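Taking it in order: structure first as structure tokens, then the write-up.
The values are calculated or read from the model by the stated rules, or taken from the named source; none is laboratory data. These numbers were taken from a predicted model, which means no experiment stands behind them. Methodologically, a virtual Cβ is constructed for each residue, glycine included, from the backbone with ideal geometry; neighbour enumeration extends over all protein chains shown.
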Amino acid sequence: MPPSVRLVVLFGGRSPEHDVSRASAREVIAALDPERYEITPIGIGRDGTWMIAQDVTRILAGPGALALPASLSISGPHVDPAPVLAPAAGAAPLVVLPILHGPNGEDGTMQGLLELADVPYVGSGVLGSALAMDKAKAKEILSHAGVPQAAYEIAAEWELDPERLDAIIDHLVFPIFVKPSNMGSSVGVSRAVDRAGLDLAVTTALQHDEWIVFEEAIVGRELEIGVLGSTAPHTSVIGEIVPGADFYDYDDKYVDGRAEMIIPADLPGAVAAEMSRLAVIAFTALRGEILGRADFFYAAGDRGLVFNELNTLPGCTPVSMFPSLWAASGLAYPQLMDELVRLALERHARRSRHGRRAL
């Protein structure tokens with residue numbers, strides 16, 4: 001790690017998770033060491049415009065402790081991304097930290113822009129980001145890799161006639177989870193218990209994507225594990241989520257806050273070791289890099305571990321699950337952020353030796 005880094009923090013964005021991103025960025029910026037990082041906060045509006053977050057910049061430049069608002073404001077002069085992402089000669093090295101969730105943030109689109117700008121950035125590359133975001137393609141790849149998953153069906157909007165829905169019901173049996181293929185934070189996810197509920201769930205999911213994933217409902221504990229690294233990924237201790245609702249939905253995550261995190265989860269040693277092994281397999285198969293959070297169910301009976309999804313830009317506030325898992329593993333928040341930046345610089349240098357193979 002160099003002694004200082006110019007860190008461009010991107011937040012907001014065009015995704016339905018815009019507000020979540022603003023709140024997350026506030027916590028991340030407040031926790032960063034101003035002695036080590038020269039922070040440039042860039043808010044991306046819902047319309048896609050880039051703006052220097054003037055209020056945040058003014059607070060960061062002021063004396064004393066940070067007193068950031070609860071959610072960062074996206075207001076200030078519009079900027080062209082090119083100058084913002086241009087490394088300055090003789091200045092501290094530049095790294096981009098995307099605190100962006102959902103489409104146009106963690107689905108490979110922003111990563112493609114950063115690759116074109118030839119700047120180091122935290123998170124998986126174009127392919128890894130796109131694969132992990134697309135639940136349908138991720139399931140197909142993980143099936144090939146031998147990772148245990150819930151039974152599922154994939155259908156595009158133009159395939160969803162009554163006969164196809166009847167076939168899905170026959171295969172999966174109620175209750176059935178219905179999810180937009182490209183979305184995060186449980187946005188657009190519904191649990192259907194009958195045909196009327198399934199029709200409504202499909203309508204809800206189609207508001208966010210033209211591809212839909214249908215999954216059998218798994219009864220079991222919800223477990224999460226952090227993954228860190230690129231060429232040699234390793235895992236954290238395991239945490240457990242105890243939802244405050246029927247399932248771990250958007251309100252439970254960000255509105256009501258009723259879900260409980262248990263770290264470390266109480267698991268037999270053999271189960272914990274197997275979950276670590278499967279998490280690395282899934283992370284590698286989906287071309288994950290630098291950081292990820294792998295989510296599993298621990299099903300009742302003989303079913304055991306069932307993989308749910310890989311999040312390539314998990315929440316990184318000091319109280320989010322991913323940093324909490326690493327803190328319990330002996331890597332405190334400031335050191336975790338340093339490691340993410342170091343891994344971003346390392347990957348950029350490695351790829352530069354191989355002709356900038358962005359994928």
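Please work out if Ala259 is under 25 Å from Val213 (Cα atoms), aliphatic (A, V, I, L, M) and touching a Lys or Arg at 6+ places or on another chain (Cβ under 8 Å).
Yes; evaluated as a whole, the condition is true for this residue.
Output the residues belonging to the stretch 317-357 that are assigned to a loop (DSSP other than H, G, I, E, B), within 20 Å of Ile262 (Cβ to Cβ) and not small (Gly, Ala, Ser).
Passing the criteria: Thr317, Pro318, Val319, Leu331.
Anything in the stretch 86-109 that is in contact with a helix residue (DSSP H, G or I) (Cβ under 7 Å, 6 or more places away or on another chain), surrounded by fewer than 21 Cβ atoms within 10 Å (Cβ to Cβ) and at pLDDT 90 or above? List them, or say none.
Scanning the stretch 86-109 gives a single hit, Pro93.
If you go through the stretch 187-217, how many residues are in a strand (DSSP E or B), of a type in the set (Gly, Ala, Ser) and within 21 Å of the chain's Cα centre (by Cα)?
Within the stretch 187-217, residues that are in a strand (DSSP E or B), of a type in the set (Gly, Ala, Ser) and within 21 Å of the chain's Cα centre (by Cα) number 1.
How many of the residues in the stretch 185-220 are of a type in the set (Gly, Ala, Ser) and in contact with a helix residue (DSSP H, G or I) (Cβ under 7 Å, 6 or more places away or on another chain)?
5
Checking the conditions here, which among Ser129, Ser124 is of a type in the set (S, T, N, Q), buried (at least 24 other Cβ atoms within 10 Å of the Cβ) and either more than 21 Å from the chain's Cα centre (by Cα) or not in a helix (DSSP H, G or I) (or both)?
It is Ser124.
Restricting to the stretch 156-190, what's the tally of residues that are of a type in the set (A, V, I, L, M) and in contact with a Lys or Arg (Cβ under 6 Å, 6 or more places away or on another chain)?
1
Looking at (1) assigned to a helix (DSSP H, G or I); (2) under 19 Å from Ser324 (Cα atoms), which is the only condition Ala282 fails?
For Ala282, the failing item is (2).
Could you list all residues from the stretch 218-247 that are hydrophobic (A, V, I, L, M, F, W, C) and crowded, with 18+ Cβ neighbours inside 10 Å?
Within the stretch 218-247, Ile218, Leu223, Ile225, Val227, Leu228, Val237, Ile238, Ile241 qualify.
Mind counting the residues in the stretch 96-121 that are in contact with a strand residue (DSSP E or B) (Cβ under 9 Å, 6 or more places away or on another chain) and not in a loop (DSSP other than H, G, I, E, B)?
10
Using the structure shown, decide if Thr203 is in the same structural domain as Phe283 (by TED's automatic domain parsing) and not acidic (Asp, Glu).
no
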